[in-house]
Structures are given as structure tokens and as C-alpha cells.
1. With every protein chain left in place, what is the accessible area of K106 in Å² (1.4 Å probe, nearest 10)?
2. Under a cut-off of 13 Å between alpha-carbon atoms, report the aspartates and glutamates in cross-link reach of K254, not counting same-chain residues fewer than 8 places apart.
3. How high is the relative contact order of the chain, given as a whole-number percent (alpha carbon pairs under 8 Å, six or more residues apart)?
4. Of all accessible surface on the chain at a 1.4 Å probe, what whole percent is carbon and sulfur?
5. Based on the Kirkwood radius over alpha-carbon pairs, what is the Stokes-Einstein translational diffusion coefficient of the chain at 4 °C with 1.567 mPa s viscosity, in µm²/s?
6. For segment 44-57, take each phi angle, set θ = phi - 60°, evaluate the Karplus expression 6.51 cos²θ - 1.76 cosθ + 1.60, and give the result in whole Hz per residue in order, putting x for glycine and proline.
7. In this model, which of K111/K167; K42/K172; K284/K377; K24/K309 are farther than 26 Å apart at the alpha-carbon?
8. Any idea what the alpha-carbon Rg over 2.2 N^0.38 Å comes to for segment 165-299?
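The values are calculated or read from the model by the stated rules, or taken from the named source; none is laboratory data. All of these numbers come straight from a predicted model, not from anything done at the bench. A quick note on method: Cβ atoms are made from the backbone with ideal geometry, for glycine too, and the neighbour counts reach across all protein chains shown. In case anyone asks, the SASA skips ligands and DNA or RNA and just uses the protein heavy atoms, side chains included. Shrake-Rupley method; radii C 1.70, N 1.55, O 1.52, S 1.80 Å.
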Amino acid sequence: MLTIEKFSFGVGDRFAQQAKAQLKAFQILARDGVDVSPVWNKSNREHTFIGSEPQSVFDAAQEAVKTLNWKKPWHVDADHIRLETVDKYLASSDFFTIDVAESIGKRASAKDVKAFVQRHAELVGKLKIPGVGAPLATTRADVERMAGKYLLAAQEAGRIYNHIVAKKGKGKFIAEVSMDETDLPQTPPELLVILAALADEKVRVQTIAPKFTGRFNKGVDYVGNLAQFEQEFSDDLAVIAHAVSRYRLPASLKLSVHSGSDKFSLYPIIRRVLQRTGAGVHVKTAGTTWLEEIIGLAEAGGDGLALAKEIYTSARSHVDELCAPYASVIDIDMGKLPSAETVANWDGSQFANAVRHIPDHPDFNSSMRQLLHVSFKLAAKAGARYTELLKTNDHIVAKQVTQNLYIRHLKPLFVA
Ligand SMILES: [Zn+2]
């Protein structure tokens, strides 16, 4: 069976230009003594916006792996796919993020809910799970309510999983089940019910992505209660370990954190809890690599800086349209967005400093960063002009990509 490694990290590469620069960061980390598998992810939504094909992600990754002589595992994630979208990812992916968020809250048949509750008498009462502080106390009515909320989603995961099995073969891919794109977080008891239901559906799930408490905005730090996150994260790990043995789920099953990128304040917490528990993790990011491209072009000056400014100018006048698909995961303060005229007078480092995610840098502008993050469509529109500039300035751009990934992400998460 294709098994996910203990530590894996998802990276996005919107324009399929930075796989090598990204892989380099994993190589530096390996020299620190920590093996983390790179997983290139690109969701159906991003492919649609850019007009790219899933195969391009695989091709770019494979070329980087060959060029840099990477002998360790790597994967390509069909991110947030559903039954209607999975087919075009079958050939190029070995990791499938089965998104069932839309089925959450829709009721399974009364008969199925009743059968689930009957089958799982062990979920009712005081549940002592090693690693969870207080025993979980659930009544039959609680289990019925949770099954009512999640059973249909688990059944949907089963349908998609079986579809992939039929096409790719059993054990030939890594299955993740994601429910992070919902309004409410899932509590540890809910996670247990979800895992029991996935086991019933015979989904060999290896990574599970719940929604955590707090805000996971795209490309900026976490907003929420850190102590509460730590508690929730540890409880989820304990629930997963329990579910693996109780429901015979794959031993490799681990949490997947859909971080939306750059959750700097969570990294030390995650590292600490993983060290204490010995658990593994998958952390997915949101394609902020493209922001490093823009930063690199700005630093390069000349035509690169000109295009970076042009993209910002256009973004500045299409804020609503660009932000609409991401409304729930960005918080842009319109008053803090510099005008196009202001930015026109900036030099390359000033532009780069505004966008580069160093939160305590005096020039850092979180609103500008978030706006640019969702504006990758505009770079796609610039087409060959954009990608040619990336190639011309590859030495500057690649350095931004590698350093960002290694210094600001992998190191704090896995080394210290
Ligand atoms: Zn997600």
C-alpha cells in the first residue's frame, strides 16, 4: 500500500515554475536531519482560474526531482476534489484530497443514522481516550446528532474513494478526507464519529483535515486563541490514535492542517505537540509561492518591478471581483491598501518589503499581501510576459522561494 510518510508538507506552485526552488528547501531541511516529503498541491479552483492542467504540476515536480537528484518520496495532491472533478487528476496524482464539506449537515437516511448508532454503542457514555484530558461524555442523542451531521459526508467520501480505487487500484494512492471549508470547526468527539463512519465506509484514509477553531486566512498568520488551538490539536491527535486501533484505520493516519499558509504562531505549537506525542503531520499551504515570485520580480527591478506594479494597479481596481471567491478566508482593510499612484513611486525593495511576510517589518502591509495573494489570475493574464520574466530573473526569484519555505516554514515547524 502506498503509505504517506510521517512528515509531509504541501506546497503550491501556481505557474509551475518553482518546483526546483521549493524542493531545494526540503533538501536543506534533510541536511538538518529531518525528512519531510514534499507534496505539490493545486486545487481544482486554482486550475480553473489559471487554465492549467493537472499534468503540469506532476511534470514540473518530476523535473525538479530529477534535476536535484531527490531520492526520497514526493507526491502530487489532487487538492479538494469531488466526484465531478476527480477524473482529470487520476493520471497525474497519487494523493487525493476528497472534499466532502458540502455534504456536512445534510442528513443521511434515517435508517442509516439509526444503524450507525446501533453499530457504535461504544461511542455512547464516558469515553476515556489516552491523551485527552477529560473523558468525552456523549449520550445516545449526541451520537445520533453527530451521525446526522456527518454520516452523509462519510458516505460521499466512500463513493469518491471507491471511484478512485476503481480507476487507480487499491493501495495505489493516498487518501485524505477534508472538511475544513465549512463554517464551524469539528470538535474531537465529532472527529471520532467521522473516523468511525469513514472506517465503516471502508475508506483507507491516511490524512484527515478537520476545520480548527480560529481564522486561517490566506497567506497571513493565524487569528485566534493559541491555547485553545493547542488543546484542540492535541485532542485531535489522541482521537486519531484511538480511532486507528479501535476501527483498524491505516497506522499512517495523521492530521492534515489546511493552513492557508503562513500560520507562524501555530508552528511552534505544532512542533511541540508532535515532539511530545510522536505523531506525524501533513501541513498544506496555499500557493503563496507565487507571492515570492512577485517579490522576486520587484527585487529584480526594471521590467520585473514594472510588471509587479502593473499587477497591483489592476488588483487595486478589481478588489471586489478578485476577493469574492475567497471572501471567507481573507480580511482586507481597504483603508490600508496603498493607492496605485503611491506604489508607482516605490522602488523594488519597498514593494518587496510590503509584501514579504515579515510581520514586524515596518513596511509590511498585510492587506496588500492578501490582495496580491488572490490576484494570481492577473499574472496568468499576463501570460508569457510573466513567465518569461520569471525565467530571466530566476536567480533572484528562486532565492525568495527557497528562503521563504525553509526559513519561515519548514525550519520553525520541524527544527526550531
Ligand atoms: Zn482546505
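1. 110 Å²
2. Reachable aspartates and glutamates: E5, E176, D235, D236.
3. Numbers: 727 pairs, mean separation 75.0, N = 416.
Rounded, it is 18 percent for the chain.
4. Values: 8690 of 16730 Å².
Answer for the chain is 52 percent, counting heavy atoms of protein chains only.
5. Working: Rh = 22.1 Å.
My calculation gives 59 µm²/s for D.
6. The phi angles translate into 4, 4, 5, 4, 5, 5, 8, x, 9, 9, x, 4, 4, 5 Hz.
7. Details: K111/K167 30 Å; K42/K172 20 Å; K284/K377 21 Å; K24/K309 28 Å.
The pairs that break the limit, which is 26 Å between Cα atoms, are K111/K167; K24/K309.
8. Working: Rg = 16.2 Å, N = 135, 2.2 N^0.38 = 14.2 Å.
Relative to the rule-of-thumb radius for its length, segment 165-299 sits at 1.14.
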